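Read through the structure below, which is laid out as structure tokens, and then see the notes.
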Amino acid sequence: FPHGILLLPALLAMARGAGPSGGCSTFGGGCGAGILSLLVLVQVLQRSPRLAELAGLQPLQVVLPAPTPPPSSQALGDVSLAEALAAEEARHPSALLAAAVGAAVGVVALGRGGGGGGEVVVGTEADDFLVVAWLLWCRDKDRFPIVAASMAYNIPLVLVHGLKEDCAWHNKLQPPVRQVKQRVTSALEWLQPEDLGHFRILEYLQGLHSTGKLPSFVLVADAAETTFAGSPLTRLRACNESSVLVQDSWVTLRQTPRDEKHLRTWGASQAVKEGWMDRALLVFGVWGGFGRLVLKLLQASLERIGAAGEKLRSAGGGFAALLADAVRGANPGGQPLTVISDFANIYAEQQHLLFLKAVGDDCPFEECSCSCARTNDPDSQRTAEHQMGSPGGLRWGLAKKDLNIGPYFALGMRPVTCEGCDQMTVFYGARPARLSSSTKWPKDDAALRDTDTPLHVVTVVLNVCEEGYQRDLLASAKKFGVGMTILHDQPGCSWLADKGDPLFRFITVDGAAFAHLTKATDRRFMHIIEYLNWLESKHRLPEYLLIVDASDVVFDGHPREYFAAAGNSSTLFVQEEWRSVGQASELHERFAQWKVDFKPYLNQPLLNFGAWGGSTAAVQRLLQAFAERLARATNWMEGPEQQAAAVFLNDAVRSPFVHFDIVSDFANVLTTRRHEVLLEPPQEQVRGGSQACLCARAQAQGKEADDTSLATPSSLRWNAKNSGRDVQDCADRGQLQVRCRGCPQMTVFHLATPKRRKR
């Protein structure tokens, strides 16, 4: 087997569900989050739509019963739910189950944050729709991308949970995201977490139905593993009472015996009929459709779960198994529902990146449909398509058996690239990343004012709406007349609104793009590239550009004159750090992640791209090299890679194929610790009349460096003989004051506070 593909037998057994009891399967709920965190179940995109899968079948007629108030908890007396079901399920299963449910569910609080009243949020478009997601535990909000994605695409989302205490981030939720708390008593403790999540969603939807507020369309999701790259409403509108949106898997039911056994155990006889065995396995981590149909399917599944034995119910996975059975024909109409799966990626059982590309201009008019392909394993001589036996390597070919699939299970981690798949907006287990943004660049000339000046500054603010974040930068820029464009993804933030100041232009960008770059410090460069491309299309590029961090950079002068005097088409002005590339030991892992060898420039200063610029031609040339390296990395990225900008920009600057002259004395020497820089006018002139820039670091806090220690700014850096550990152990020295004399070109300060001393 190719290197990197063969899995350990025990790990493979758990992943494929062929191991001991308690192993995980698509339907099993007993494995919980432990195995899911080890082998995150993921989906991969489809190559072509599967619309009208069962076209021509008779539609299912759904008739919802009139809602009846559940009896009080006293109505059940001391009889447990299991005992009551065992004694009465044959006579009145539906009525008894409704009574048990009514007794088990406590008060439902709907509202913003931790409590309070509120109305259900519905879509702003013609059809109302709602995403309801179950929440099983509290993590940092950043670990739940469904929240940020719902806000970015204005998707109404309700998080349903039964947590004893609200998550710390619940009180920060903003429309269109809300939370619902439902307390369930011990009568339903036999439900496994995923089943309990479906149950809570059922109860919530029943409450909406009873008050006449059930939306036209509903999407059910697992909050921990689901996210969006657009609104799902378009695909939801394709549903009716005889069709449903359900994600499908990269394997068929015949290829996963564990799931087949699970379906049979739950009595899902329709789902395991021979006609369905070679169809893709249905995955109910995310599914939905017509609101009344979703509610009816959940109700019918709960009734069958309630009628099952206690041992089976405790095994979990009942909702997924019985929902699959209902979709395949076990419903009052007796006919299979039409399954629409192209709204989501294909489930591949392993976490992976999924790159979304728009259809190119060269796309033939007759062949512009959704097209996807899995990237090949660089350590294998065979392509993913060959190994999996299917076009694009997205699914396992029908000829592949369970034993053929097992050794190559890790192929599910390989990135997938899809082109022209606009209908694919929902992702369960996979991380979507659009390689181009949907930013709507301004059409009026007001946004172009001052961009054709000799020097223009660009900064980016992502995921932040705070007054103090960019306040010092803007104040210093205004003081010295520095024109600036601020790209941001917070359209409702008053601190990032255009207040008519002719120096500043605020442009809203698509913050959901480039999600394969987990850090905003990396994504910002992609937005800057698109901004410069837009300026170029308008023929309004400035002569010089300066790109700075928004939160920790200030000006103490205008850098325009120095850029013009010291720069040319091959000059880059880049801030230096006080350590070398070799001494930045915490970055070495990042270089390895991005497959970059830094040994050729091991002893050269580490360049910091929190403050850098030059002629527009030079800046664009470096950004193009960065984009090309990043594009190549999409062939093998797995997700944890970070600090792409620090790695690729430092590497590209030193490339023998892209020659740049580096100038760094326009800015302070960065120490990664905020410190004061005391600036003094020159006391003497060197030969030729030019000023000598001399600097020194104080020896102790509260002291100033003496005249005898003043030397060139390079003296502020660590000696090449020092190790990375030396730099780390003495990091606090970076807080000591730096004294500089005769450095008028030093006008940009990053993580430093300038202070001028008069003569």
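The values are calculated or read from the model by the stated rules, or taken from the named source; none is laboratory data. What you see is a predicted model; the values in this text were computed from it and never measured. Positions of Cβ are backbone-derived with ideal geometry, glycine not excepted, and every protein chain shown enters the neighbour counts. Ligands, DNA and RNA are excluded from the accessible area calculation, which covers all protein heavy atoms including side chains. Shrake-Rupley method; radii C 1.70, N 1.55, O 1.52, S 1.80 Å.
Brief remarks follow.
- Within region 307-324, tally of residues that are in contact with a Lys or Arg (Cβ under 8 Å, 6 or more places away or on another chain) and under 12 Å from Phe199 (Cβ atoms): 1
- The strands (runs of 3 or more DSSP E) falling completely within region 569-670 that include 3 or more residues that are more than 30 Å from Ala515 (Cβ to Cβ) and either at pLDDT below 95 or not hydrophobic (A, V, I, L, M, F, W, C) (or both) map to 571-580.
- Cβ-Cβ contacts under 8 Å between residues 6 or more apart (or on different chains), taken from a first residue in region 412-437 that is closer than 17 Å to Leu236 by Cβ to a second residue that is among the β-branched types (Val, Ile, Thr) and surrounded by fewer than 24 Cβ atoms within 10 Å (Cβ to Cβ), are listed as Gln423/Thr234; Thr425/Thr234.
- Restricting Val727, Val738 to those that are open to solvent by less than 50 Å² (accessible area, probe 1.4 Å), touching a residue at least 24 places away in the same chain (Cβ under 8 Å), within 19 Å of Leu751 (Cα to Cα) and touching a Phe, Trp or Tyr at 6+ places or on another chain (Cβ under 7 Å) reduces the list to Val727.
- Summed over region 328-339, residues that are open to solvent by 10 Å² or more (accessible area, probe 1.4 Å) and either assigned to a helix (DSSP H, G or I) or at negative phi (or both) total 8.
- Scanning region 671-681 for residues that are modelled with pLDDT under 95 and of a type in the set (Val, Ile, Thr) gives a single hit, Thr672.
- All conditions in (1) at pLDDT 95 or above; (2) of a type in the set (Asp, Glu); (3) part of a helix (DSSP H, G or I) hold for Asp342, with the sole exception of (3).
- Residue check for Asp325: in a helix (DSSP H, G or I), of a type outside the set (Ser, Thr, Tyr) and modelled with pLDDT of 95 or more: yes
- Boolean, Gly500 is open to solvent by 10 Å² or more (accessible area, probe 1.4 Å), over 26 Å from Arg434 (Cβ atoms), assigned to a loop (DSSP other than H, G, I, E, B) and of a type in the set (Gly, Ala, Ser): yes
- Region 630-684 - residue that is in contact with a Pro (Cβ under 8 Å, 6 or more places away or on another chain) and among the aromatic types (Phe, Trp, Tyr) and, of those, nearest to Gly734 (Cα to Cα): Phe666
- Entirely in region 379-496, the strands (runs of 3 or more DSSP E) that have 3 or more residues that are not basic (Lys, Arg): 416-419, 426-428, 455-461, 484-488
- Residue within region 190-210 that is touching a Leu at 6+ places or on another chain (Cβ under 6 Å), under 15 Å from Trp137 (Cβ atoms) and not β-branched (Val, Ile, Thr) present: yes
- If you go through region 269-304 and keep only what is of a type in the set (Gly, Ala, Ser) and in contact with a Leu (Cβ under 6 Å, 6 or more places away or on another chain), you end up with Ala271, Gly288, Gly289, Gly291, Ser301.
- Filter pass, Arg264 being in contact with an Asp or Glu (Cβ under 8 Å, 6 or more places away or on another chain) and basic (Lys, Arg): no
- The residue that is farthest from Arg524 (Cα to Cα), among those in region 482-494 that are open to solvent by 40 Å² or more (accessible area, probe 1.4 Å) and touching a strand residue (DSSP E or B) at 6+ places or on another chain (Cβ under 9 Å), is Pro491.
- Only a single item in (1) out of contact with any Phe, Trp or Tyr (no Cβ under 8 Å at 6 or more places or on another chain); (2) open to solvent by 10 Å² or more (accessible area, probe 1.4 Å); (3) not polar (S, T, N, Q) is not met by Pro542, and it is number (2).
- From Phe598, Phe563, Phe591, residue being closer than 27 Å to Tyr469 by Cβ and crowded, with 17+ Cβ neighbours inside 10 Å: Phe563
- If you check Val158, Val220 for being hydrophobic (A, V, I, L, M, F, W, C), open to solvent by less than 40 Å² (accessible area, probe 1.4 Å), more than 19 Å from Phe319 (Cα to Cα) and in a strand (DSSP E or B), only one passes: Val158.
- The residues of region 267-278 that are of a type outside the set (A, V, I, L, M) and either touching a residue at least 60 places away in the same chain (Cβ under 8 Å) or part of a strand (DSSP E or B) (or both), listed by number, are Ser269, Gln270, Asp278.
- Residue within region 233-253 that is farther than 26 Å from Pro145 by Cα, within 33 Å of the chain's Cα centre (by Cα) and among the basic types (Lys, Arg) present: no
- In region 190-212, the qualifying residues are those that are in contact with an Asp or Glu (Cβ under 8 Å, 6 or more places away or on another chain) and open to solvent by 10 Å² or more (accessible area, probe 1.4 Å), and the one that is modelled with the lowest pLDDT is Trp190.
- When residues of region 470-481 are limited to those that are buried (at least 17 other Cβ atoms within 10 Å of the Cβ) and either of a type in the set (S, T, N, Q) or out of contact with any strand residue (DSSP E or B) (no Cβ under 6 Å at 6 or more places or on another chain) (or both), the one farthest from Pro542 (Cα to Cα): Gln470
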